[in-house]
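Data first, discussion second: the structure below is written as structure tokens.
What follows draws every value from the coordinates through simple rules; no lab data is involved. Predicted, not measured: the structure shown is a model, and the values here were computed from it. FYI the Cβ positions are ideal-geometry reconstructions off the backbone, even for glycines, and counts take in every protein chain you see.
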Amino acid sequence: MIVPTKVLFEHAYGKYALGAYNINNLEQAMGLFRGCIESQAPFIIQISKGARSYTDKRMLEAIIRAADEIFPEALFAVHLDHGDEQTAYDCIESGFYSSVMIDASHHPFEENVEITRRVVEAAHRRGISVEAELGMLGGVEEDVKVDEKNACLTDPDEAYEFVKRTGCDSLACAIGTSHGAYKFSGSQTIRFDRLAEIQKRLPGFPLVMHGSSSVPQEEVDRINAAGGCIKGSKGVDPNQYLPAAKLGVCKINIDTDGRLVWTRVHREYFRDHPAEFDLRGPGKIFMAEYAKFIVSRNQLLGSAGQL
Ligand code: G3H
Ligand code: 13P
Ligand code: NA
Ligand code: ZN
């Protein structure tokens with residue numbers, strides 16, 4: 001059943017985090033639903049702009065509606081990931097989305113406030129909630145000076161002002177993570193100090209962590225052993241999901257890890273079955289492996305058993 005994102009956040013706040021998983025095709029959808037049913041976890045399906053245009057936005061919506069019918073016990077929200085203003089309006093008007101993200105974080109503060117406020121107004125009229133973003137994810141290098149490094153992180157006072165002025169329902173914070181397979185170098189990790197300061201300024205307010213894939217080394221090793229070349233990658237320690245949840249992070253975004261499962265399964269399959277050309281062979285393995293991965297993440301997020 002598709003439910004408002006707000007309802008999921010209220011249940012999770014301070015106790016566990018919802019896994020927010022991106023999907024692009026039916027195999028990801030099947031693995032995701034199976035994994036969440038098996039682990040008895042509520043969850044969030046995220047659809048990016050790229051996912052909407054991969055085939056046709058109606059295709060993904062139809063896949064999700066079908067999965068909802070196939071798995072009537074599933075409890076989930078449908079969320080636009082990293083929306084721009086126009087895409088956010090399109091999703092709000094479609095009536096299909098539980099929540100939208102407006103990502104105007106690359107604009108100066110005042111502009112970010114203005115754009116976010118407009119989207120919040122439109123969304124709230126339709127009972128849809130809005131995730132906004134403040135601060136800059138990604139590209140943080142260890143050799144960058146401390147001042148510059150901190151400048152990318154979300155400022156707690158600004159976060160407070162931003163939330164009050166925009167009326168957004170949750171806030172994606174830059175706390176040291178970045179998108180993709182190359183997140184940290186050396187001893188870098190999630191900035192729990194910064195997260196704690198943000199929560200102190202916004203007690204009870206749902207925070208969101210982007211760039212949360214763990215990029216498991218054994219997964220990368222298997223991909224590389226099967227012809228891949230993913231070198232020097234590093235992700236978030238998944239044992240830090242629950243400590244982040246205790247500090248108000250209600251939604252933890254995981255996309256890259258699922259792509260790694262897909263890549264490993266397909267590379268190994270075609271390496272081991274060079275004469276094979278039935279796409280359903282690796283497709284079946286992927287769905288089972290992705291479901292297994294989802295179960296393991298939901299356990300670490302604390303969402304397992306919360307249905
Ligand atoms: O943060 C981005 C998500 O991983 C979605 O990626 O825009 O390539 O679909 P995408
Ligand atoms: P990862 O690249 O770490 O999976 O992050 C995904 C994300 O933040 C989607 O919005
Ligand atoms: Na998002
Ligand atoms: Zn993101």
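For Thr189 and His11 in one chain, what is 0.36 nm times their gap in residues minus the Cα-Cα distance, to one decimal in nm?
61.3 nm
Evaluate E = 1/(1 + (r/R0)^6) for Ala288 and Arg165, where r is the Cβ-Cβ distance and R0 equals 51 Å; express this FRET efficiency to the nearest 0.05.
The value I calculate is 0.60.
Evaluate 2.2 N^0.38 Å with N set to the residue count of the range 201-249, then give the Cα radius of gyration divided by it.
1.58
Which one, Gly232, His79, Ser303, is farthest towards the positive end of the dipole of the chain when Lys and Arg carry +1 and Asp and Glu -1 on their Cβ?
Ser303
How would you order 229-239, 253-263 from highest to lowest mean count of nearby Cβ atoms within 10 Å?
Descending packing order for the listed peptides: 253-263, 229-239.
Using a simple spin-label model with points 7 Å from Cα along the Cα→Cβ vector, what separation in nm is obtained for Arg125 and Asp237?
Taking the simple label geometry, Arg125 and Asp237 are separated by 4.8 nm.
Please work out the Kirkwood hydrodynamic radius for the range 1-156, using every pair of different C-alpha atoms, and report it in angstroms with one decimal place.
One decimal place: 16.8 Å for the Kirkwood radius.
Could you please rank Asp221, Asp56, placing first whichever residue has the fewest other Cβ atoms within 10 Å of its Cβ?
Starting with the residue having the fewest Cβ neighbours, the order is Asp56, Asp221.
Give the angle, between 0 and 90 degrees and rounded to the nearest 10, that separates the Cα long axis of helix 57-70 from the longest principal axis of the Cα atoms of the chain.
It is inclined by approximately 70 degrees.
Separation between the Arg58 and Asn224 pseudo-spin-labels, each 7 Å from Cα along Cα→Cβ, expressed in nm?
Placing both labels 7 Å along Cα→Cβ, they lie 4.6 nm apart.
Let me know the longest stretch in the chain that avoids all GluC sites (Glu not before Pro) found in a DSSP loop with at most 15 other C-beta atoms within 10 Å.
After excluding every exposed loop site, the longest remaining stretch is 143-275.
Would you mind classifying the range 57-146 by shape? Square roots of the alpha carbon gyration tensor eigenvalues, ordered a ≥ b ≥ c; an a/c under 1.5 is rounded, otherwise it is prolate if a/b is larger than b/c and oblate if not.
Oblate shape, in that a/c is at least 1.5 and b/c is the bigger or equal ratio.
Does anyone have the angle between helix 109-125 and the longest principal axis of the chain? Alpha-carbon axes, 0 to 90°, nearest 10?
Once rounded, one gets 70 degrees.
Let me see the pair-distance distribution of the chain: every alpha carbon pair, 10 Å bin width, integer percents in order.
Per 10 Å bin, starting at 0, the Cα pair percentages come out as 6, 28, 36, 23, 6, 1, 0.
Which order results if Lys246, Lys164 are arranged by neighbouring Cβ count within 10 Å, fewest first?
Lys164, Lys246
Within straight cross-link reach of Lys164, meaning Cα distance under 22 Å, which lysines are found once same-chain residues fewer than 8 apart are removed?
Correct list for Lys164: Lys6, Lys200, Lys251.
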